[in-house]
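Reading through the structure tokens given below for one structure.
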Amino acid sequence: MSQPKIAVDLILQKLAESTEKAKSRAQKASEVLLSPLETDMATTPYEIVYEEDRVKLKYYKPAEVKQKYPLLVVYALINRETMLDLQPGRSVVQTFLDNGIEVYMVDWGYPTRKDQYVTIDDHVNGYMDSIVDLIRNRHDLPKINLMGICMGGAFCVMYSALHSEKIKNLVTTVTPTNFDTDKGLLHIWMKQTDAYLMGKSYGNMPGDMMNLGFLLLNPARLILDKYVGFFENMDNKAFVENFIRMEKWIFDSPDVPAATFRQFITDCYKKNLLIQSKMELDGKRVDLKNITMPLLNFYGLYDHLVPPEACELLTREVGSTDTEDICMKTGHIGIYVSSKCQKEFAPKIVQWLKEREGDGESAAAEKPASPESASKSREAGKPASDENKKDAKESKPASSGKQDAKESKPASVGKKDVKESKPASSK
Amino acid sequence: MASLFSAWTKSSMDFWGNIAKMQPDTSGTSEKARKNPAYKAQKTWESGNKILMSLLSTLSEPKNMNTVLKGMDSLPEFMMQMAQQSWDGYLEMQKRWADQATKMGRHTEAYNFEGIDQNVFKTWNEIYEKEFQKFLNVPQLGLNRFHQERITQFTDKFNLFQAALSEFLYMFYIPVEKSSAVMQEKVEELIEKGDIHDNFKDYYNMWIKILEGHYMTLLKSPEYTQVMNKTVEALVQYRKAKDEVMYDVLEKLPIPTNKDMDELYKDFYLLKKKVRELSKKLEERI
């Protein structure tokens, strides 16, 4: 048997080169890490216009209002809404403002033990309804536009079904509504384990515990390879800044109120009540047929948390005749932060809303940028006191980051279905 | 044993009898002296001594002595039995662990998690439940029984949680072990072909891909979901038992416990909800 030849000299030479490179990288990395880094998030200026308990409403004012109907953005209770305004040049909020849309965004805050009894009904029919009424009053409009993200999207679906008279257009993004799928580990685990018990045990479901669960979805990449990648690039300042910014966002995880967590797991993941129009909030049935306003539904083809199967049934179950599914070739987060999606995702929403403005354009032209209309709004929710008004810091110049967030993949509009035509990947 | 006990009762009787004789005679003491506290103390001592002497003389009767001695014998017997059971459990555990340890990982195949040898954890749980847990479930008695019960429950739940966590961590480690084995085979194949990569990153990429594949297979397996659920349940039980002990301790201090605050928060939540509901109704009327 012949002995295979191993080029030991080549291997040793390569090893020596690698060691030299690592040494040089470590030197540069220390310079980068010790220098001031630009890792701020959510730098677009805003004003707090509503506060109730832990919940705040951010108002982003465009330089010039071009659309009549303001847009209310409802983020999930998991992680923070800062994702939509990650950094200049990579901000969904900024794109909306540049196109003249007034943006309101819910900041759910950080629930404490005091919030453990707060249910989905309290979020949807309590906080959200007060906020929608406040915005309607501020703008003197019967309806507003509503956009939801992930779990926040599910809340928006519930809200639109229960208060359809207050919503002009509905945009759902990576929103799970059909939980009867085994695509995606999250669905399997939530259905087959009693994870919801942890909420009661800890008072609320701890954000850190949820983050651990998300890391366990792909430990090889998220716990190990991601940081190997960081060490390989830590001499690249732009890479480091983007990486740190994403780390800050990922691990900024508020707890989820125990009652809400429990209800979401049992009614949605375990019983799949929402898509069947069987879910009830405070005794009121959430009938998806009541969603008669135009609906735009985005989801990610490579989303491992909310797979397409969990999103795409919605447009077929609602009562609206004006619906559109858009499946982007990206993941759960990439849809908001990848460079390519920045060019397609938010501009598509702007255009779609514009097409459904009705008589909005002339009205918008006459409207002042900041709604001064005194309102019942102040009664509906607590007015923002001067000391609570928070003018965000001045926008900082965009860092020349080339690197996209790890989760994001190049985005493209992969599928566009109008109600009548079935999505390509549907069952 | 009986003669020793008999001798001890006799010497006790003699000793206390002599002490009693040394006391001053009080039979003819005047009325005034009887009111003296020292007189009262002496009388109390005399009465106590009489009770002791009658008890010792009763004990020294052969029939009674046997009964007492039997009772005394049963105590070490009880202790010995308890110790014997613990020791047997420990030996059994050691034996079965040794058996299982040699089998661990013997039958596992790459990308296959159906045949994972979890017997070592099953064995531990069986032994724990059969041999040790029962000691923690011995009924507690007396004034402190509830407090003691909470502490034993806490100990029990802590042990169960540790066992569940160990099983979970073991399972989580298996892909690393399997990936190393697969990687070794791949490298051997490459060497056979003479296709040696001089870039170490290539090997790392190869390994991380194999590892990811193993994890994906593991995480989707029902075995993993089952073990994860067991760990979650054990954690919840352990936290509950720990909280109960904490409430017991904190209850004595002038600070509110989570239990107190949770009750208050609930009242507060319900009140707030009611106020919001009434405000809305009022607004609608206006």
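Conditions tested, residue by residue: (1) at pLDDT 95 or above; (2) surrounded by fewer than 22 Cβ atoms within 10 Å (Cβ to Cβ); (3) out of contact with any helix residue (DSSP H, G or I) (no Cβ under 9 Å at 6 or more places or on another chain); (4) more than 9 Å from every other protein chain (Cβ to nearest Cβ).
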residue: A:ASN99; (1), (2), (3), (4): yes, yes, no, yes
residue: A:GLU102; (1), (2), (3), (4): yes, no, no, yes
residue: A:VAL106; (1), (2), (3), (4): yes, no, no, yes
residue: A:TYR110; (1), (2), (3), (4): yes, yes, no, yes
residue: A:ILE120; (1), (2), (3), (4): yes, no, no, yes
residue: A:VAL124; (1), (2), (3), (4): yes, no, no, yes
residue: A:ARG136; (1), (2), (3), (4): yes, yes, no, yes
residue: A:ASP140; (1), (2), (3), (4): yes, yes, yes, yes
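Does the stretch B:239-250 contain at least one residue that is in a helix (DSSP H, G or I), under 37 Å from the mean Cα position of the chain (by Cα), outside the structural domain of B:LEU160 (by TED's automatic domain parsing) and surrounded by fewer than 13 Cβ atoms within 10 Å (Cβ to Cβ)? Checking the stretch B:239-250: at least one residue is in a helix (DSSP H, G or I), under 37 Å from the mean Cα position of the chain (by Cα), outside the structural domain of B:LEU160 (by TED's automatic domain parsing) and surrounded by fewer than 13 Cβ atoms within 10 Å (Cβ to Cβ).
What number of residues in the stretch A:76-110 are assigned to a loop (DSSP other than H, G, I, E, B) and either within 20 Å of A:GLU344 (Cα to Cα) or of a type in the set (D, E, K, R) (or both)? Total satisfying the criteria: 7. Of everything in the stretch B:188-210 that is surrounded by 14 or more Cβ atoms within 10 Å (Cβ to Cβ) and over 24 Å from A:LYS226 (Cα atoms), the residue that is farthest from the other protein chains (Cβ to nearest Cβ) is B:LEU190. Taken over the stretch A:247-260, the criterion of being part of a helix (DSSP H, G or I) and surrounded by fewer than 24 Cβ atoms within 10 Å (Cβ to Cβ) is satisfied by A:GLU247, A:LYS248, A:TRP249, A:ILE250, A:ALA259.
A quick yes/no check of all residues on (1) more than 10 Å from chain B (Cβ to nearest Cβ); (2) at pLDDT 95 or above; (3) crowded, with 19+ Cβ neighbours inside 10 Å:
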{"residue": "A:ILE167", "(1), (2), (3)": "yes, yes, yes"}
{"residue": "A:LEU170", "(1), (2), (3)": "yes, yes, yes"}
{"residue": "A:THR175", "(1), (2), (3)": "yes, yes, yes"}
{"residue": "A:LYS183", "(1), (2), (3)": "yes, no, no"}
{"residue": "A:LEU186", "(1), (2), (3)": "yes, no, yes"}
{"residue": "A:ASP194", "(1), (2), (3)": "no, no, no"}
{"residue": "A:LYS200", "(1), (2), (3)": "no, no, no"}
{"residue": "A:LEU212", "(1), (2), (3)": "yes, no, no"}
{"residue": "A:LEU217", "(1), (2), (3)": "no, no, no"}
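Within 11 Å of chain B (Cβ to nearest Cβ), under 19 Å from A:ILE250 (Cα atoms), of a type in the set (D, E, K, R) and crowded, with 19+ Cβ neighbours inside 10 Å - does that describe any residue in the stretch A:226-233? The answer is no, given that none of the residues of the stretch A:226-233 is within 11 Å of chain B (Cβ to nearest Cβ), under 19 Å from A:ILE250 (Cα atoms), of a type in the set (D, E, K, R) and crowded, with 19+ Cβ neighbours inside 10 Å.
For A:PHE298, the test of being under 22 Å from B:LYS273 (Cβ atoms) and either of a type outside the set (Lys, Arg) or in a loop (DSSP other than H, G, I, E, B) (or both) is failed.
You will find that of B:TYR128, B:TYR224, B:TYR170, the residue that is within 12 Å of chain A (Cβ to nearest Cβ) and either touching a residue at least 24 places away in the same chain (Cβ under 8 Å) or more than 36 Å from the chain's Cα centre (by Cα) (or both) is B:TYR224 and no other. Working only within the stretch B:227-266, note down all residues that are hydroxyl-bearing (Ser, Thr, Tyr) and more than 12 Å from chain A (Cβ to nearest Cβ). Result: B:TYR247, single match.
Counting the residues of the stretch B:199-238 that are more than 22 Å from B:ALA164 (Cβ to Cβ) and aliphatic (A, V, I, L, M) gives 5.
Quick check: anything in the stretch B:111-124 loosely packed, with under 15 Cβ neighbours inside 10 Å, among the β-branched types (Val, Ile, Thr) and either modelled with pLDDT under 90 or assigned to a helix (DSSP H, G or I) (or both)? Scanning the stretch B:111-124 turns up no residue that is loosely packed, with under 15 Cβ neighbours inside 10 Å, among the β-branched types (Val, Ile, Thr) and either modelled with pLDDT under 90 or assigned to a helix (DSSP H, G or I) (or both).
Against the numbered list (1) surrounded by fewer than 21 Cβ atoms within 10 Å (Cβ to Cβ); (2) within 14 Å of chain B (Cβ to nearest Cβ), A:LYS66 comes up short only at (2).
Kindly provide the set of residues from the stretch B:227-250 that are among the basic types (Lys, Arg), over 11 Å from B:ARG150 (Cα atoms) and in contact (Cβ under 8 Å) with a residue 40 or more places away in the chain, ordered by number. Of everything in the stretch B:227-250, just one residue is among the basic types (Lys, Arg), over 11 Å from B:ARG150 (Cα atoms) and in contact (Cβ under 8 Å) with a residue 40 or more places away in the chain, namely B:LYS230. Of all residues in the stretch B:180-203, those satisfying the criterion of being part of a helix (DSSP H, G or I) and in contact with a helix residue (DSSP H, G or I) (Cβ under 7 Å, 6 or more places away or on another chain) are B:VAL182, B:MET183, B:LYS186, B:PHE200. The single condition among (1) within 24 Å of A:GLU102 (Cβ to Cβ); (2) within 17 Å of the chain's Cα centre (by Cα); (3) of a type in the set (A, V, I, L, M) that A:LEU141 does not satisfy is (2).
The values are calculated or read from the model by the stated rules, or taken from the named source; none is laboratory data. All figures in this text were calculated on a predicted structure; none of them were measured in a lab. Cβ: placed from backbone, ideal geometry, glycine included. Neighbour counts: every protein chain shown.
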